[in-house]
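Quick notes on the structure that follows.
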Amino acid sequence: MLNQVKSIGGLPTIQTEIADHRQFSLPPSKIWENYRNTVFCPVLKGDLPYQKRFYDVILSGCLPVVLASPANDFKRTGCHTWWSLMKANYVTTHAFARGGRTRRRGMSIDYRDFVVEVFHGPRNLISTLEKLMKDKNKLRAMQEALGRNARKLVYGLDKDIDAEGDAFDQLLGRLRQYLDRLE
């Protein structure tokens, strides 16, 4: 479908060809360059609910676009799955996700602030993106939220090695939650 669309909201589309399931036609540096120069990066269903490219696009500054559908526990949590109908919700499958839970160390990323959710199947992908392109305030808010949360997915280095809010800090928060449940 995306191969047939040359632009969305006036911006050109870029397709990265993948042959034989995992062989990219471009070197990794070019793929990252494409991510950095793109507003929206579709991260459609892969082998597992969590995918490396989901985090790659976040760290590059591109808004991830997912197909959302009710999760197996949607009535209880109100959270969707980004993988497959009636499977685990994104709060369960994605690192440090908060969802509707109280903000705590180790569960501090509310992906809904910057992930573009497309509902009712891929046929709504283009219209969802075009609608968001027209809402400049929402688009800017999503990009700012992405910027605030991206550092929670990387480990601090050099002078930032013990900085609060990085991935190591998030892991410590999850470990604390686990230990609290054991007591």
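Residues in the stretch 121-134 include none that are touching a helix residue (DSSP H, G or I) at 6+ places or on another chain (Cβ under 8 Å) and not hydrophobic (A, V, I, L, M, F, W, C). Filtered by the rule that a residue be closer than 19 Å to GLY61 by Cα and either in contact (Cβ under 8 Å) with a residue 24 or more places away in the chain or out of contact with any helix residue (DSSP H, G or I) (no Cβ under 9 Å at 6 or more places or on another chain) (or both), the stretch 149-164 gives ASN149, ALA150, LYS152, LEU153, VAL154.
A search for C-beta distances below 6 Å between a residue of the stretch 39-60 that is under 21 Å from SER29 (Cα atoms) and any residue that is modelled with pLDDT of 80 or more and in a loop (DSSP other than H, G, I, E, B), counting only pairs 6+ apart in sequence or on different chains, returns CYS41/CYS62; ARG53/VAL43; PHE54/VAL43.
Being within 24 Å of ASP169 (Cβ to Cβ) and modelled with pLDDT of 85 or more is a condition met by no residue of the stretch 18-36. Here the stretch 24-54 is the region considered, the condition is being under 17 Å from HIS80 (Cβ atoms) and touching a Leu at 6+ places or on another chain (Cβ under 8 Å), and the residue that is surrounded by the most Cβ atoms within 10 Å (Cβ to Cβ) is PRO42.
The values are calculated or read from the model by the stated rules, or taken from the named source; none is laboratory data. Because the structure is a prediction, the values reported are computed rather than measured. When we count neighbours, we look across all protein chains shown, and the Cβ atoms used for this are built from the backbone with ideal geometry, even at glycine.
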